[in-house]
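Below: one structure, written as structure tokens.
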Amino acid sequence: MKKLIKFIPFLILPIITMILLAVLYFKTLGNDEEHRVGNQTGNLWNCGLYEEIGDRIYFSNSNDNGALYVMNHKCTHFKKISSDSSAYLNVTNKNIYYSIQDSTIVKSNYESSAINTLSTVGIYRVRLDGTHRSSINDGNCSYLNMNGDSIYYENNSEEEGKQLYSYNLQDKKSTLIADEEIAPVGIYNNRLYYSSEFDGYTLRKINLDNMYSFTLLVGEYHNPIVIGDYIYFISATDNDAIGRCNLDGSNPTILVNESTSAFNLSLSGRYLYYQVNDGANNRLCVMNLSTRKSKDIIRGDFEYLNITSNYLFFRDSKNFTDYVLTVGDNSKLGVFDPPVIK
């Protein structure tokens, strides 16, 4: 009997160890979306209607009131994930986080402005297969952006106005970060590059580790996008021209000396796509940043410039036609007309 008692601890110890390892495994499995960044900064400035993960492109289908769809990287084999009118997509290898657009959205309800935004209600999460849909926040939330195990977003309420919040995926709590209008879109290396109405849209940077804020460039700048060693922006100081500066704010340079309303960059940082609004000759253009040469893509008024590795998606703001353009020097333009799946 004494021998049996002596052996019991040795039998229990491996069992406890196996249980602990199993718990850790499933805990890790449940958190397999930690420590990743969200959608492309340029896409989020354009309402985050598309995001590419692996060989799939998740998108808000304007033919189906903005419902959440997925297709392969060749823009075929469509599947409907959710009927929610979705925007500001952030896709992980497990879930899709997004805002639901306010009211029933059809193409004519989209609003165009120098800084594209959509009125939304709430943050939601759904599995990649469309199951386990759940609400994270029921407020008017925009500019969702994942960073690590947090989702940063701008909350807009009648009582408090626009405020910057973060939602922790682990403790499931929202925290007020800044009591001012800050779109948490330009996160790069755990630094948030932004401009705020609070200080006249001066270009600034926040270290998200300690929340220290730094002034980078004095003036009025919008839609900062960090690619490589540069910050790209729309400069209201220069009649809405597109410029860039170094990451420390030095050496500001104008690239597109025309009035623009929207822009995005290819993932490689080689191509700059932008909408020119000069009244007489509105058009969508592309600049090869290696040569600084520009060319017109199509005349008209366009918005919601969303990029993937191979495509630029955008919309005609007059007739609400969606277009798709292959990225590169020898690009091909076509109408993007995805099916409606019941």
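Of note:
- Residues satisfying the stated conditions in the stretch 283-328, i.e. buried (at least 19 other Cβ atoms within 10 Å of the Cβ), assigned to a loop (DSSP other than H, G, I, E, B) and more than 19 Å from the chain's Cα centre (by Cα): Leu289, Ser317
- Some residue of the stretch 233-246 being of a type in the set (A, V, I, L, M, F, W, C), in a loop (DSSP other than H, G, I, E, B) and under 24 Å from Asn39 (Cβ atoms): no
- Contacts under 9 angstrom Cβ, first residue in the stretch 199-216 being touching a residue at least 60 places away in the same chain (Cβ under 8 Å) and over 17 Å from Ser250 (Cα atoms), partner in a strand (DSSP E or B) and of a type in the set (D, E, K, R), 6 or more apart: Leu208/Arg191
- Pairing residues of the stretch 250-265 that are surrounded by fewer than 21 Cβ atoms within 10 Å (Cβ to Cβ) with residues that are part of a strand (DSSP E or B) and among the charged types (D, E, K, R), at Cβ distances under 7 Å and at least 6 apart in sequence or on separate chains, gives Thr253/Arg244; Leu255/Arg244.
- Some residue of the stretch 274-282 being surrounded by 18 or more Cβ atoms within 10 Å (Cβ to Cβ), assigned to a strand (DSSP E or B) and touching a Lys or Arg at 6+ places or on another chain (Cβ under 7 Å): yes
- Search result, residues across the stretch 86-130 that are of a type in the set (Gly, Ala, Ser), modelled with pLDDT under 65 and in contact with a strand residue (DSSP E or B) (Cβ under 6 Å, 6 or more places away or on another chain): Ser112, Ala114
- Among the criteria (1) within 22 Å of Ser60 (Cα to Cα); (2) touching a strand residue (DSSP E or B) at 6+ places or on another chain (Cβ under 6 Å); (3) β-branched (Val, Ile, Thr), the one Val340 does not fulfil is (2).
- Qualifying residue in the stretch 170-193 (condition: at pLDDT 95 or above, farther than 19 Å from Ser142 by Cβ and crowded, with 20+ Cβ neighbours inside 10 Å): no
- Selection over the stretch 139-164 of residues that are free of Cβ contacts under 8 Å to residues at least 24 places away in the same chain and under 24 Å from Ser85 (Cα atoms) gives a count of 10.
The values are calculated or read from the model by the stated rules, or taken from the named source; none is laboratory data. What you see is a predicted model, and the numbers here were worked out from it, not measured in a lab. FYI the Cβ positions are ideal-geometry reconstructions off the backbone, even for glycines, and counts take in every protein chain you see.
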